[in-house]
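Colleague: Quick one: structure below, then a few questions.
Values quoted throughout were computed directly from the atomic coordinates according to the rules given, and no laboratory measurement underlies them. Keep in mind the model is a prediction, meaning the values are calculated, not measured. Don't worry about glycine lacking a Cβ; one is built from the backbone with ideal geometry, like all the others, and counts go over all protein chains shown.
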Amino acid sequence: MSPARSLRLVALAFGALLMVTPFLYMLSTSFKGQQYVLKLPPQFIPDPPTLSNYERILLRGDFGHYFVNSLLVAVTSTALAVLLSAMMAYGFARYRFPGRELLFRLLLLGLMIPAMMLIVPQFLLAKWFGVLDSLPGLIIFYVAGNLALNTFLLRGFFEALPGELDQAMQIDGAGHWRRFWSLALPLARPALATATIFTFLATWDEFAWALTIITTPENQTLPIAIALLLGPKGTQWGLVFAASIIAILPVIAVFLTFQRHFVQGLTAGSVKG
Amino acid sequence: MTDLVRDASGPKLARHPQRVSRQAGGAMKLWRTWLPPALFIAPGFLIFLVCIVYPMLQAAQMSLFDWKLVAGATSNFLGFDNYIRAFNDPRFWLALSNSGIYMAFTVPPQIILGLGVALLLKDKSPAQPLFRVLYYLPVVTSWVVVSLLFKYLFADRGLINFALDDLLGATDKISWLADRWTALVAICALGVWKGIGWSMMIFLAALQGVPKELEEAAVIDGANRWQRFLAVTVPAIWPATIFVTIMLVIGGFNVFASVLVMTNGGPGGATEVLLTYMYRQAFEFLDFGYGSALAVILTLIVFALSALQLTLFRNPEATPSARRAVR
C-alpha cells in the first residue's frame, strides 16, 4: 500500500471514529446503572453491566405503546403520502392540461416553505378539525407535509418512462387507473422505494408537530416520550439511552437495507435527512 | 381547479377514437382533457391546499392581528404592529443573531469537511461502503436522540470535559450548557457532526460526474493535484456546491429541536434561536399573532438568502456537463 493511500485510510478512520464514538458511548451508557452514568473517569465498558434500563423501558414503562403509536403513524402516513404523491406525479407527468405548470409551481412553493413556519396556523386548523391530541392529527399533517417533495421526486421518474408501453396498454383497452396501477407503479419501484424510505424516516423522527398537538401520554410517539424522559434535574441517562437505542434500531435497519436508494434519493433532489 | 376546464387541447394519451357530433364533441373533449388528470391530482392536491397553502396565507394574515385563541374573543387588527414589535424586541435580535451564529459556524465546516471526506472516499475500495455508512449514520438518527446524546456528552461531568481534562490537561471544568457562547459551541458541534454525512453524500454523487477525460488531459498537461482540483473538479461540482450551501443555510435557520432539547433556549433565553423564540411566543405565551409575524420574517429571510446565494454563486465557467453532474 502506498504511503498516500495509508494516510488517506488513517484520516478516514479517524473521522469515522469521531462519528461513531458518541453512538458507542450511548450504547454503553444504556447498560449502566444510574450511579455510574456520570461517574469520573467515565466507564466505556459498563461495570457492572445491567439490563435494568431495558427492563424498565420494555416491560414496565409504556414504551411498547409509544413504539406502536410511532409505527402506526409512520406506516399509515408513509403509505398515504406515497400513494397520493404517486398519483399526483403521474397526473403531472402523463397528461397535458391547461394550468399544469401553475399547479406544479404551487407545489414547489410548498417545498420551499420550512415546515416550522406553518405550525401556528396548522395548530388552529387541527383544532378546527377536532384532531388535536390524536394520532389522525399527526397522520393528516405528516401526509400533507410530505406530498410536495415526493411528487417532485416521482414526477421526474414517471416522465422518464417510455410512452410506448402506455400506448400499447391503452390500445389493449386498459383504462387510466389500470395503466397507472399495473404499468407505471411497478416500473417506478426504485423511485417509490426512495420516496417510501425518506417519508418513513421523516415521520418516524418527527418531533415539533407531535410536541405541539399531543398532550395525553397515551398518544405520544417515541421522540416525544424520549424527550420527556429529560427530567428537570437528575436525568436517568441510562433509561434515556435504552429508549433511544430502541427508537433508532428500526431506522438503522431500514438504512442498512436500503442504502442504495438513499444515494438515489439524495441526488434526485433536495432531500435532507 | 376550475382553470383546468378552460382549454380543450386533448391530453397526450387519453384520446379514444370516437365519433361524436361537433358540439357534443367539444364537451366530451373538454371532459376527457381534465377529468383523468384531475382524478389523479385532486386528492393529494386538496390536502396540500388545505394543510399547507391555506396555513401559509393564514400565517400572513394572523401576523397582522392580536390573535385571540379563546373562542368568542375578538382579535384586533394591528396592521404591522407585530413586525414593529419584533424590530424593537431585543430578544428577537438575540435569537436572530444566535441563528446567524449557528449558520456561520455550521455551514462552512459541513461543506469543507463533507467535501474533504468525499474526496478521500471517491475512489472505489473495499472499505468505501463501510465508511459511507459510518459517516451517514448521524444523518438518519433522529434529532431528539442525538440532541440528548450531545447534552449528555457536554454535561459538566460528561465525556467532553473528561477528554479535555485528561487528554489536553485543561484543569477548569467548563459548564458548557450554562453559558451562551459555550452552549452555542455545543449546539454547533452537534449540527456539524450530524450534517457532514449528508453533504458528503451529495459531493460523492457529484464527484462521479467529473469528466474523466478532462482529468486525464490535465495530468498530461502536467497539472499538479491542487491545479487539477481547481481547474477540473471545482467547476464540475459547482452546481452541487450551490445546492449544498443553499440547503444548509435553510437548514441552519431551521435549527429547533437541538436547541430545545439541549438548552431550551437557556440560560435565561441566551441561546434562543428564531424558531424556539417563535415557538415560545406562540405556544407558551399563546401570542399567536406575534409568533406568526416572527414566522413570516423568518420565511422572508430564508427566501432572500436563497435568492442572494443563487445570484452570487452563478459561475460562468460551469460547463453544461458540469451542470448536469448534480442532476
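Colleague: Quantify how strongly other chains surround peptide B:292-302 by giving the mean number of their Cβ atoms within 10 Å of each of its Cβ atoms.
Modeller: 3
Colleague: Mind jotting down a quarter of the surface of the convex hull over the alpha carbons of segment B:160-264, in square nanometres, one decimal?
Modeller: Orientation-averaged projected area of the Cα hull: 9.6 nm².
Colleague: I've got another one for you. For the charge dipole of segment A:95-198, defined by +1 on Lys and Arg C-beta atoms and -1 on Asp and Glu C-beta atoms about the Cα centroid, which residue among A:Val131, A:Trp181, A:Tyr95 has the Cα displaced farthest towards the positive pole?
Modeller: A:Val131
Colleague: How do A:130-142, B:214-226, A:179-191 rank on mean C-beta neighbours within 10 Å, highest first?
Modeller: Going by the mean number of other Cβ atoms within 10 Å, highest first, we get A:130-142, A:179-191, B:214-226.
Colleague: Let me ask another. Before rounding to the nearest 500, sum -39500 (n - 2.57) across all DSSP H runs of length at least 4 in chain A and divide by the residue total; then give [θ] at 222 nm in deg cm²/dmol.
Modeller: Per the formula, -22000 deg cm²/dmol.
Colleague: Another question, if that's okay. Could you tell me, in Å, what Rg and Dmax come out for the Cα atoms of chain B?
Modeller: Radius of gyration, then largest Cα-Cα span, for chain B: 26.4, 93 Å.
Colleague: Using a Förster distance of 45 Å, how high is the FRET efficiency between A:Ala168 and B:Arg225, based on the Cβ-Cβ distance and rounded to 0.05?
Modeller: 0.25
Colleague: Moving on. Across the Cα atoms of segment B:190-241, what radius of gyration and what greatest pairwise Cα-Cα distance (Dmax) are found, in Å?
Modeller: 13.3, 43
Colleague: What is the count of Lys pairs in the protein assembly as shown whose alpha carbons sit under 29 Å apart, if the two are 8 or more places apart or on different chains?
Modeller: 25
Colleague: Could you pull out every residue, at least 5 positions away or on a different chain, whose amide H is within less than 5 Å of the one on B:Phe65? Hs are placed 1.01 Å off N in the peptide plane, and Pro or chain starts have none.
Modeller: B:Leu78
Colleague: Within 13 Å, Cβ to Cβ, of B:Asp81, how many net charges do the neighbouring residues add up to if Lys/Arg are +1 and Asp/Glu are -1?
Modeller: -2
Colleague: Between B:Phe162 and A:Leu27, with labels modelled 7 Å along Cα→Cβ, what's the label distance in nm to one decimal, could you check?
Modeller: 1.7
Colleague: Count the net charge of all other residues whose Cβ sits under 13 Å from the Cβ of B:Ile187, scoring Lys and Arg as +1 and Asp and Glu as -1.
Modeller: Around B:Ile187, the charge tally is +1.
Colleague: Compute a Gaussian network model of chain B, connecting alpha carbons closer than 10 Å, and tell me which residue from B:Trp193, B:Trp31, B:Trp176 fluctuates the most.
Modeller: Greatest mean-square fluctuation among the candidates belongs to B:Trp31.
Colleague: Please report the base-10 log of the normalised intensity I(q)/I(0) for segment A:72-139, using a Debye sum with one equal scatterer per alpha carbon and no solvent, at each q in 0.27, 0.29 (1/Å).
Modeller: -1.14, -1.16
Colleague: Compute the convex hull volume of the Cα atoms of the protein assembly as shown, divide it by the residue count, and report the result per residue in Å³ as a whole number.
Modeller: Expressed per residue, the convex hull around the Cα atoms of the protein assembly as shown is 196 Å³.
Colleague: Oh, and also: Across 10 Å bins from the origin, how do the percents of Cα pairs in segment A:48-268 run, short distances first?
Modeller: Pairs per bin, as whole percents: 7, 27, 30, 21, 10, 4, 1, 0.
Colleague: Let me ask something else about it. If you take each beta carbon of peptide A:7-19 and count the beta carbons of other chains within 10 angstrom, what is the mean?
Modeller: The shielding value for this peptide is 5.
Colleague: Another question, if that's okay. Show me the helices of chain A, taken as full DSSP H stretches, that run 30 Å or more along their long axis by Cα and average -0.5 or above in Kyte-Doolittle hydropathy.
Modeller: A:3-29, A:63-94, A:135-160
Colleague: Continuing with the same structure: What is the average number of partner chain Cβ atoms found within 10 Å of a Cβ in B:29-42?
Modeller: Taking the mean over all residues of the peptide, I get 5.
Colleague: Another question, then. If each residue of separation counts as 0.36 nm, what is the full-extension length gain between B:Ser97 and B:Phe77 once their alpha-carbon separation is subtracted?
Modeller: 4.3 nm
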